[in-house]
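Here, each number is a calculation from the coordinates, and none is a lab measurement. Here the structure is a predicted model, which is why all the values come from computation and not from measurement. Here Cβ is always computed from backbone atoms with ideal geometry, including for glycine, and neighbour counts include all displayed protein chains.
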Amino acid sequence: MRRVGVFDSGLGGLTVARALARHFPGLDLSYLGDTARLPYGAKSEDTITRYALRCVRFLVEQGVDAVVVACNTASACALPALRDTFRSVEVLGVVEPGASAAVEASVSGAIGVIGTERTVLSGSYPRAIAALRPDARVETLACPVLVPLVEAGWVDHPVTRLTVETYLRVLFERAPDIDTLVLGCTHYPVLERVIAEVAQHLRPAPLRLVDSAESISEAIRPFVRTSSPDGLRRFFVTDLPSSFQRVASTFWPETLPPVSHVDLPMDG
């Protein structure tokens, strides 16, 4: 494959797109952020699936060979429907690669997962981890406030640090022995340093952080077939490009490609 579409509800999927661009510079990347309907995490499974189908259809219409669903919530809820609907392209989610990386990283099998409400309610990570390591002990925690903070650009803000501390304190009280933590939302990798520092403050035991953006890069490697040195980058959003561009440098510190607005029907 040479042309890959990356889809997320907002900015978070840029962590995946940037990882793909870094590992495979010859890939043509089309990124779609469904910013008009952000956030997905508190919506119903049916609504998320309807939105995801429409967004992936747009990317397929752009001529991509594969689509990476760079949204843990959409991966957890909509992947079967997407694969059944778009059989002419490879559709990859972020949950299975993240679970695989967590199992590989964990020594004890005690694994924590933080994500959106819908991702946690879906049980997708415990199922995926159990399929690989049946004896694993998985503790999940919904952290719904983190996505809006990241979308606002408050990556190293005192409010964000306090919020991370509040969530991790609850997680560690429930599962004090976890040795691996899955960042089960593609917004979370930009908070990796804050999460690591807060975790170290709350408990001295080592904690490995699993970034699904890096995990999906390894998952897609067998499908990549390109020798071109420079791939084409195209960015689309369903709401104001200016709002997206203002915060996007947090996720994509290099010069950002032009961002275009696309009007997708709100009824999916």
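Each other residue within a Cβ distance under 9 Å of ALA175 adds +1 if Lys or Arg and -1 if Asp or Glu, for a net charge of -1. 3J(HN,Hα) along region 61-71, derived from phi through the Karplus expression 6.51 cos²θ - 1.76 cosθ + 1.60 where θ = phi - 60°, amounts to 5, 7, x, 6, 8, 8, 10, 9, 7, 8, 9 Hz, with x in place of Gly and Pro.
For the pair region 109-181 / region 43-105, the C-alpha centres are spaced 21 Å from each other.
The mean of 1/r over all distinct Cα pairs in region 31-178, once inverted, gives the Kirkwood hydrodynamic radius of 16.5 Å. For region 117-268, the Kirkwood hydrodynamic radius from C-alpha pairs, put into Stokes-Einstein at 4 °C and a viscosity of 1.567 mPa s, yields a diffusion coefficient of 72 µm² per second. Here the average projected area of the convex hull drawn through the C-alpha atoms of the chain stands at 13.1 nm². For region 96-212, averaging the sequence separation of C-alpha pairs within contact (under 8 Å, six or more residues apart) and dividing by the residue count gives a relative contact order of 35 percent.
Helix 14-23 against the longest principal axis of the chain: what's the angle in degrees, Cα atoms only, rounded to the nearest 10? Taking the Cα atoms of the chain, the angle to 14-23 is about 80 degrees. Rounded, prolate or oblate: which one fits region 136-225, using the alpha carbon gyration tensor with axes a ≥ b ≥ c (rounded when a/c is under 1.5, else prolate when a/b beats b/c, else oblate)? Oblate, because a/c is 1.5 or more while a/b does not exceed b/c.
As a length-normalised measure over Cα pairs under 8 Å and 6 or more apart, the relative contact order of the chain settles at 27 percent. Among SER124, SER242, a tally of other beta-carbon atoms within 10 Å of each Cβ gives an order, fewest to most, of SER242, SER124.
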